[in-house]
1. Give, rounded to the nearest 20 debye, the magnitude of the charge dipole that the chain has about its Cα centre when Lys and Arg contribute +1 at Cβ and Asp and Glu contribute -1 at Cβ.
2. How large is log10 of I(q)/I(0) for the chain at q = 0.06, 0.08, 0.09 Å⁻¹ when the intensity is taken from the Debye formula with one equal scatterer per alpha-carbon?
3. Checking the table 348/499; 552/578; 234/313 against a 25 Å threshold on Cα-Cα, which pairs fail?
4. Considering only the chain, what is the antiparallel percent among its DSSP beta bridges, to the nearest 5?
5. Which of 371, 426 comes first, and how do the rest follow, when ranked by fewest Cβ neighbours within 10 Å?
6. Identify all aspartates and glutamates with a Cα-Cα distance to residue 571 below 15 Å; exclude those on the same chain that are fewer than 8 residues away in sequence.
7. Pull out the extension gain between residue 14 and residue 212, defined as 0.36 nm times the separation in residues minus the alpha carbon to alpha carbon distance; nm, one decimal.
8. Using only alpha carbon pairs under 8 Å that are at least six residues apart, calculate the relative contact order of the range 233-348 and give it in whole percent.
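Read the figures in this text as sums done on the coordinates, not as results from a lab. Quantities reported herein were computed from a predicted structural model and do not represent experimental measurements. Ideal geometry is used to build each Cβ from the backbone, glycine not excepted, and the neighbour counts take in all protein chains shown.
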Amino acid sequence: MSQKYDASQIQVLEGLEPVRKRPGMYIGSTDQKGLHHMLREIYDNSVDECLAGFADYIEVTLNEDGSATIEDNGRGIPVDMMPGYGKSALEIIMTKLHAGGKFGGGGYKVSGGLHGVGSSVVNALSSYMKVEVMRDKKLYVQEYSQGKPKADVKQVKPDEPITKTGTRTTFMPDNKIFPIVDLNYQTVKKQLRQIAFLTPKLYIKLVDNRTNEQCSFHFEGGIKSYVNRINRHKKIIGETIYIHNELRNVFVDQIDIEAAICYNDDFNENVESFVNNIPTHEGGSHLTGFRTALTRSINDYLKKIVNGNDKNKISSLSGEDLREGLTAVVSVKFDANFVQFEGQTKEKLGTPEVRPLVEQVIKEGLDTYFEENPNPAREVVDKALLTAQARIAAKKARETVIRKGLLEGLGLPGKLADCQTKDPNEAEIFVVEGDSAGGSAKQGRDRRFQAILPLFGKVLNTERARLDRIINSDKFKHLIIAIGAGIGDEFTPDKIRYKKIIIMADADVDGSHIKTLYLTFFFRHLRQIIENGFLYVAVPPLYKAVIGKDKKYLFTDTEKIQFEGENQGKKYIIQRFKGLGEMNAEELWETTMNPKTRTTLKINIDDAEEADETFTMLMGSEVPPRKRFIQANAKYANIDI
Ligand code: 0RA
């Protein structure tokens, strides 16, 4: 790490032609996710520079023209000539695939982006890009178009004397590649907040010049602050435990391991894991090591404090008992060259050597903590013992429920209007709130492949409900049976009857509450459905505009204002849909159900997690945050999901 870098250490591979041919191969996709990934690729380099100890400030600006600028106060990308290339290192880094992605001997590169592809890929997929480097009191600039340099790297006269070092990159995502070039302030804000939690040395600022919004992040407490944030509306048990250590190892060279752990009084678990600051939603070897250590350490401590004569006491806790109410952030950092990602979405750490290392560090850290902090330790153990007792009782209850054939024997719910196809790849099910909307949906659908399940009535508060109660609630029971794959331990993905499950609710506050509830339910009890990309929400229009014989549906208030602006002098009528039930079958089909004309939003784990947070706040055990939230939002009466 201490070795000096220069141009000769950067390995050069190939040109950028393949990137524009198959962008998805390099950035995953060209939708909103891929677009935001572009930005992340750029600032990850700045984060690397911070992790290497040379930068502590990153500023991200979303510019009015749709481009973005990322500036850091690192050493500045090297601009000296590359031996054997006759070109500046900067140009090679920006125009060659993988150049700068992997360093030669001595370069310990950590973050390297989701796919570790680096700046050149972003350059290739940008209609315009500019890199400004401040080094040696000089300013160097190079500009590009679709990855091709417009001229050699030039030293230019700065507006003001250069007193610092750093790199400033501006890029405009190419609208020939990305159908929508609209970087979302909230999405970027969330990403940067997470980076700041994971990189406590860093100061991050985000500015949106389109809306004049801005925010700054710096968390000295790092992932400990992160866990405290997760629990900010919860009642915690004990306190947040923080463990950190760095190991050397023949397989992964050097590895930095840290975890922050805290229990709360909920039934659910919320553990987030990261490898080199990249979220690993599917877990992997680091998380396995963490869980093993947690179970072993708490059980060791339990054995120490338990009275050997008391035969009624539970003598060992299962991993499941220790999950209830667990919140934790587990973060490991090691040389990106040894990182193997696997799983459905490449969000699972392979690298088996990491497991025992994490286990060792966490076990030692927890053992020491329990030894030195008997009071909070006792609280955690007592909670786990209670969970174990409840689990044993609930298991008995559940077995009775399942044995009674509550889920299997019953057949499909009477309210379900099933589709004709039995092929889950073609079949979709609309979960519709309310009987009148359900009626329109049944009439309007294409029965060959669309099923309708109208559900009605109060949704059970799954926040505090155990699985056996959820199975017994009518609403979710019908949904679980219709989907066909069971729930909890009994979940069998092969039995899924529809690979598109579309939640359809009104475009108002109640509708958004209902969506939150369903998303929370899936997030907690049928997470695999979200992970497989099977969950969607429908987007119904808010208004119908009629001009003479023509009609147009308007989906947002912005669209309505635009529409009104376009019609000066022309006569038109705008009708507001108060709910889905107000639309007739034809309207519902045209706007919300017909795959050719509708919009659906695919729900990802982040969306569901956010819904879960909102839900916790609204329904959870802590009253004050809910009250604050409702008061603060009463005027707008709008809950974003
Ligand atoms: C390679 C070597 C050096 C710095 C960097 C890359 C670097 C890259 C980026 C990308 C964004 N910000 C960055 N900051 C630094 C070290 C050069 C030296 O030895 O001074």
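1. On the way: 89 positive and 89 negative charges, 259 e Å.
Dipole size: approximately 1240 debye.
2. -0.40, -0.70, -0.88
3. Details: 348/499 23 Å; 552/578 17 Å; 234/313 29 Å.
Over 25 Å apart, Cα to Cα: 234/313.
4. Working: 76 of 104 bridges.
In the chain, approximately 75 percent of DSSP beta bridges are antiparallel ones.
5. Numbers: 371 11, 426 15.
Fewest-to-most Cβ neighbours within 10 Å comes out as 371, 426.
6. Once the sequence-local aspartates and glutamates are set aside, what remains near residue 571 is 550.
7. Numbers: separation 198, 0.36 × 198 = 71.28 nm, distance 4.04 nm.
Separation in residues times 0.36 nm, less the Cα-Cα distance, equals 67.2 nm.
8. On the way: 176 pairs, mean separation 43.7, N = 116.
Result for the range 233-348 is 38 percent.
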